[in-house]
Amino acid sequence: MYISKIKLHNFKGFKGDHEIKFDKGINFFVGDNNCGKSSVFEAIDFIRTKKDRNEVITKTEIEGNDFVSVEIEFNGEDIEALVGTEALKKYQSCLIDTNGQKSLRIMRSSEETKIKQNSKDKNLTVAHVRVFNPTTKQFENPTGIDNTITALFDAQFVWADTNSGEISDFSKTKISGKIINAITKNFITSDTWEKFRQSHKETFGEGENSLAKTLEPIEEKIQQILFEQYGDTEVRFSFSLPELDSFFKSGNIALSEGGIETKSSEKGTGMQRALALALIQVYADISATDENGVSKPILFFIDEPETFLHPQAQNKLLDALEKISQKSQIFIITHSPYLLKKYKKETHSMNVFSKKDGLNDAKIGKEFDLFGASSPSWGEINYYAFGVLSVEFHNELYGFVQAKATLEDGKYNKPKEFDDYLVSKGLTKDQRYKHLKADKSIIEYDTTLPTKIRNIIHHPENTNNDSVNEVDLKKSIEKLILLLR
């Protein structure tokens with residue numbers, strides 16, 4: 001089961017309605033800073049945990065009384081088996097069947113509404129998780145469903161400003177705690193635990209030299225005072241065997257380098273982020289299905305994983321995340337072209353975030369189809385994802401358009417011939433190019449901008465023309481792209 005799309009209404013910088021679609025594999029979020037990439041992560045967290053409306057309302061709101069809502073839609077072949085489990089049976093009647101494809105829609109909203117549910121009036125607020133009922137055609141809140149939302153899906157976040165306390169926290173809700181609990185759930189049946197139980201009994205209870213024996217004089221004094229003032233009462237200090245979880249609270253992750261051991265919380269930000277990324281890989285690996293072959297989906301949300309990582313390390317990390325994505329959906333916020341070098345349009349998706357009239361906007365990277373089966377190239381990704389102009393991308397465009405023209409008409413192999421093709425497509429020969437001949441003489445002629453730039457790039461030995469500037473490069477790239485649309 002995976003999130004196929006999310007709908008935002010007035011969530012942080014997303015004023016009004018916005019819909020963003022996702023792939024079940026790896027989803028990249030790219031774009032300028034402060035354009036809402038992290039807000040989508042927070043929207044998922046909003047679904048799982050109740051928050052005050054003022055924490056998530058868009059700052060651009062004028063009226064001050066509009067509502068905030070987040071809706072996510074789940075899809076996947078295993079969704080029916082998942083909601084068939086005892087813990088999630090309340091969702092069974094809410095499965096939506098669209099031509100045999102099952103889906104589930106979940107919402108949290110600050111809009112207070114009154115609905116008719118099971119013939120009774122019910123008031124819904126931001127405290128209620130709402131699930132769409134395809135029979136009644138409305139979002140409802142079945143009894144107890146608020147407590148099952150965390151059983152429906154597991155969301156693990158690694159933020160750019162990683163909190164060291166989150167990494168070394170062994171509580172059940174944190175990733176380290178989840179790993180430990182998954183591995184140690186049967187430890188209390190081991191011989192080691194039985195020996196510990198007996199040792200605890202001797203130390204704190206029945207042993208001749210136990211702590212209980214040491215405290216007996218104090219117990220007798222307290223008991224005597226109580227007897228004199230309140231009546232006959234027995235006093236005893238009791239030290240019961242702690243639950244295994246209680247020992248984890250004092251635990252921490254220690255890292256050793258050069259024989260020196262240090263708590264992870266005392267290491268630098270780079271090491272803490274590396275540790276967090278390692279933990280999610282381990283967690284994804286050990287989170288096996290239950291005895292019925294069903295497990296809730298684990299969604300990983302990773303903010304700028306490239307931080308502090310060498311480009312080669314980024315490549316290795318993406319390879320690891322690619323393996324994880326075969327079982328778990330992954331969302332990555334990135335500003336690094338290296339992480340996108342292995343982008344696969346079959347299993348990856350990309351949303352490009354931007355500002356439009358001061359408000360956040362996100363669009364699916366559908367532009368990545370310029371070169372057919374060869375798309376997306378790295379130059380193509382850099383251009384659309386990061387706005388990077390490169391001569392490499394210009395070369396790719398020029399060569400692809402030329403190959404396309406040659407296939408269509410069987411000519412245009414030479415630059416001058418191809419220049420005529422460009423003119424036939426609406427471009428003009430408004431550029432003066434100085435051609436350097438073998439005898440060092442110069443011939444000047446008019447050419448189109450793409451061909452002039454192509455010649456300057458391919459003949460660096462010819463210094464008689466001005467270098468390619470970004471304004472002309474951008475204009476030429478845009479013209480060539482239009483020829484492929």
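The values are calculated or read from the model by the stated rules, or taken from the named source; none is laboratory data. Quantities reported herein were computed from a predicted structural model and do not represent experimental measurements. Reconstructed Cβ throughout: ideal geometry from the backbone, glycine too, with neighbour counts over all protein chains shown. Heads up: the accessible areas ignore ligands, DNA and RNA and are worked out on the full protein's heavy atoms, side chains in. Shrake-Rupley method; radii C 1.70, N 1.55, O 1.52, S 1.80 Å.
Here are the numbers for this structure:
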item: Computed magnitude of the charge dipole of the stretch 371-437 (debye, nearest 20; Cβ of K, R +1, Cβ of D, E -1); result: 380 debye
item: Cα gyration tensor shape of the stretch 67-168, rounded if a/c is under 1.5, else prolate or oblate by comparing a/b with b/c; result: oblate
item: The stretch 354-397: relative contact order in percent, alpha carbon pairs under 8 Å with at least 6 residues between; result: 23 percent
item: Fraction of accessible area attributable to carbon and sulfur, the stretch 188-344 (%, probe 1.4 Å); result: 50 percent
item: Under-23-angstrom lysine pairs by C-alpha in the stretch 60-191, whenever the two are 8 or more apart or on separate chains; result: 19
item: Whole-Hz couplings from phi, Karplus 6.51/-1.76/1.60, listed for the stretch 255-271; x for Gly and Pro; result: 10, 10, 9, x, x, 9, 9, 9, 5, 4, 5, 9, 7, x, 4, x, 5
item: Solvent-accessible area of Glu206 with every protein chain in place, 1.4 Å probe, in Å² to the nearest 10; result: 140 Å²
item: Candidate aspartates and glutamates - alpha carbon under 15 Å from Lys201, same-chain residues fewer than 8 apart omitted; result: Glu243
item: Part-to-part distance (alpha-carbon centres) for the stretch 267-346 and the stretch 88-103, which is given in Å; result: 29 Å
item: 1.4 Å probe accessible area per residue over the stretch 351-485, in Å²; result: 55 Å²
item: Inter-probe distance in nm under a simple model that places probes 7 Å from Cα toward Cβ, at His200 and Asp466; result: 8.0 nm
item: Whole-Å semi-axes of the chain's equivalent ellipsoid (Cα gyration tensor); result: 60, 30, 20
item: Semi-axis lengths, Å, the stretch 359-485, gyration tensor of Cα atoms, sqrt of 5 times eigenvalues; result: 27, 18, 13
item: Proximal lysines relative to Lys411, as straight alpha-carbon distance under 19 Å, when same-chain residues fewer than 8 apart are discounted; result: Lys425
item: Given charges at Cβ of Lys, Arg, Asp, Glu: the chain dipole, positive-most of Ser238, Leu104, Ile302; result: Leu104
item: Extended-chain gain in nm, criterion 0.36 nm per residue less alpha-carbon gap, Asp439 and Asn315; result: 39.9 nm
item: Per-residue SASA entry for Glu346, accessible area with 1.4 Å probe, Å² rounded to 10; result: 130 Å²
item: Rounded to 5, percent antiparallel among DSSP beta bridges of the chain; result: 70 percent
item: Overall form of the stretch 235-329 per C-alpha gyration tensor (a/c, 1.5; a/b vs b/c); result: oblate
item: Cα pair distances in the stretch 187-260, grouped into 5 Å bins until the bin that holds the longest one, percent each; result: 3, 13, 14, 14, 13, 13, 10, 8, 5, 3, 2, 1, 1
item: Cα gyration tensor shape of the stretch 429-468, rounded if a/c is under 1.5, else prolate or oblate by comparing a/b with b/c; result: oblate
item: Helix axis angle, 311-324 relative to the chain longest principal axis, alpha carbon, degrees; result: 60 degrees
item: Computed [θ] at 222 nm, helices only, for the chain once each DSSP H run of length n ≥ 4 contributes -39500 (n - 2.57); result: -10500 deg cm²/dmol
item: Relative contact order, percent, the chain [alpha-carbon distance under 8 Å, six or more residues apart]; result: 17 percent
item: Accessible area, probe 1.4 Å, largest first, for residues Ile364, Ile20; result: Ile364, Ile20
item: Carbon/sulfur fraction of accessible area - the stretch 70-127, other protein chains in place, 1.4 Å, %; result: 41 percent
item: Percent of C-alpha pairs per 10 Å bin, the stretch 166-211, short to long; result: 26, 28, 29, 16, 1
item: Point-charge dipole on Cβ atoms (K/R +1, D/E -1) for the chain, about Cα centre, debye to 20; result: 1620 debye
item: Cβ charges +1 (Lys, Arg) and -1 (Asp, Glu), total dipole of the stretch 239-342, debye; result: 300 debye
item: Cα-projected label distance for Asp146 with Lys5, points at 7 Å along beta-carbon direction, nm; result: 2.9 nm
item: Accessible-area value, Tyr343, 1.4 Å probe, nucleic acids and ligands omitted, Å²; result: 30 Å²
item: Probe 1.4 Å, accessible area per residue of the stretch 224-305, Å²; result: 62 Å²
item: Ratio of Rg to Rh over the stretch 129-209 (Cα coordinates, Kirkwood Rh, two decimals); result: 1.24
item: Inter-label distance for Glu478 and Ile222, nm, one decimal - labels placed 7 Å from Cα along Cα-to-Cβ; result: 8.1 nm
item: Segment Glu111-Glu243, length gained on full extension (0.36 nm per residue, minus Cα span); result: 43.3 nm
item: Cα centroid separation - the stretch 190-207 against the stretch 399-457, whole Å; result: 86 Å
item: Contact order relative to length of the stretch 59-198, as percent, for alpha carbon pairs under 8 angstrom and 6 or more apart; result: 16 percent
